[in-house]
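The values are calculated or read from the model by the stated rules, or taken from the named source; none is laboratory data. A quick note: this is a predicted structure, and the numbers were derived from the prediction, not measured. Neighbour counts are summed over all protein chains in view; Cβ atoms, including those assigned to glycine, are modelled from backbone coordinates with ideal geometry.
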Amino acid sequence: MALYSSINLFFINLFTIMVPRWLTPPFAYLTALIFYCVTGEQRRGIRANLRVVLGRRNVERTVFSSYCHYARNWTDIMRMIRLRGERLQAMIGRRSDPRPMEEALANKTGAILISPHFGNWELGGLGLADLGYRITVLTFREPDDKVTDQRRMVREERGIGVIYVDRDDPSPLAIIEAVNALRRNEILCLIGDRDGSSNSVTVDFFGKPTDLPAGAAYLALATGAPIIPVFVPLEQGRYATLMEEPIYVAARPGDNRAAVRDAVQQMASVFERYIRNYPDQWYTYFDYWQN
């Protein structure tokens, strides 16, 4: 059973129109309970992942908590696409210092913001665009074309550019567009915890050799833009927007691959720290290391 489809998003959107946000938690709990019971394959996947993350067998409470957070996450996403200005910013509580991003923009290199499938990553991009930053998202198309179209429309309405990467097409056009966005001193946003192409490197992730996408590191190498890990976890009903220290990728004559691998390893280490702190907000509903 698909957790993420145009039909599900239609009903989530309808729910957010009819029900105020303060009443969301009990409905999210009920929805999570239903999906927890009927999505056996996804439940087994997240269970296997959390056993690796937490280093123990008994993770069922965290598995169910993940379903609850995921339900709340999507109700908030469908709610926030209708919000602007103060009402949108009110969904954000704790904010870290944006200095790494501001320094990159002051240096005219652009900035690469990267996150795992963690927390409400969509709010991060919408929130920055709402504050006037120039944002471009580098992403794959969704399996459901209606979801792809809906997300593109929401982003374009906010002035957010979208660059699609085709998993089956080795054409460099998307990368050229991404480089151009950085050279225009824009903020490039992408997800970095799932490998979707042959352009990956093997690093240590939770003590296991893991292929992670290397696109962000190659873009940083080509443009001088820093890679800045960012996270948007739910904390006491509002979202924190957290920005880590920048990762720079310097050319190594004859061994740029090693420079890229080191940068991806640094990203993986930062991802680990946040996922361990918020294990029920890393949304990987498949056996991550088996697949």
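Would you check which residues across the range 73-88 are among the acidic types (Asp, Glu) and either loosely packed, with under 13 Cβ neighbours inside 10 Å or in contact with a Cys (Cβ under 6 Å, 6 or more places away or on another chain) (or both) and list them?
The one that is among the acidic types (Asp, Glu) and either loosely packed, with under 13 Cβ neighbours inside 10 Å or in contact with a Cys (Cβ under 6 Å, 6 or more places away or on another chain) (or both): Glu86.
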> For the subset of the range 233-259 comprising residues that are among the aliphatic types (A, V, I, L, M) and surrounded by fewer than 22 Cβ atoms within 10 Å (Cβ to Cβ), which member is farthest from the chain's Cα centre (by Cα)?
Replying inline: Ala251
>> When you check Val264 against the structure, is it outside any loop (DSSP other than H, G, I, E, B), free of Cβ contacts under 8 Å to residues at least 60 places away in the same chain, closer than 26 Å to Arg99 by Cβ and among the aliphatic types (A, V, I, L, M), yes or no?
In response: no
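Mind telling me which of the residues Leu54, Leu14 ends up being at pLDDT 90 or above and either loosely packed, with under 14 Cβ neighbours inside 10 Å or more than 27 Å from Ala90 (Cα to Cα) (or both)?
Every option except Leu54 fails the conditions.
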> Do you know which residues across the range 28-43 are surrounded by 14 or more Cβ atoms within 10 Å (Cβ to Cβ) and farther than 21 Å from Ile17 by Cα?
Replying inline: Leu33, Phe35, Tyr36, Thr39, Gln42, Arg43
> Taking interchain pairs and intrachain pairs at least six residues apart, which have beta carbon atoms under 8 angstrom, with the first residue in the range 66-78 and closer than 16 Å to Arg238 by Cβ and at pLDDT below 90 and the second of a type in the set (Asp, Glu) and assigned to a helix (DSSP H, G or I)?
Replying inline: Ile77/Glu122
>> Residue pairs, Cβ under 7 Å, 6 or more apart or interchain, first in the range 277-291 and buried (at least 18 other Cβ atoms within 10 Å of the Cβ), second among the aliphatic types (A, V, I, L, M). List them.
In response: Pro279/Leu50; Pro279/Val53; Pro279/Leu54; Gln281/Leu234; Trp282/Ile275; Thr284/Ile46; Tyr285/Leu3; Tyr285/Ile46
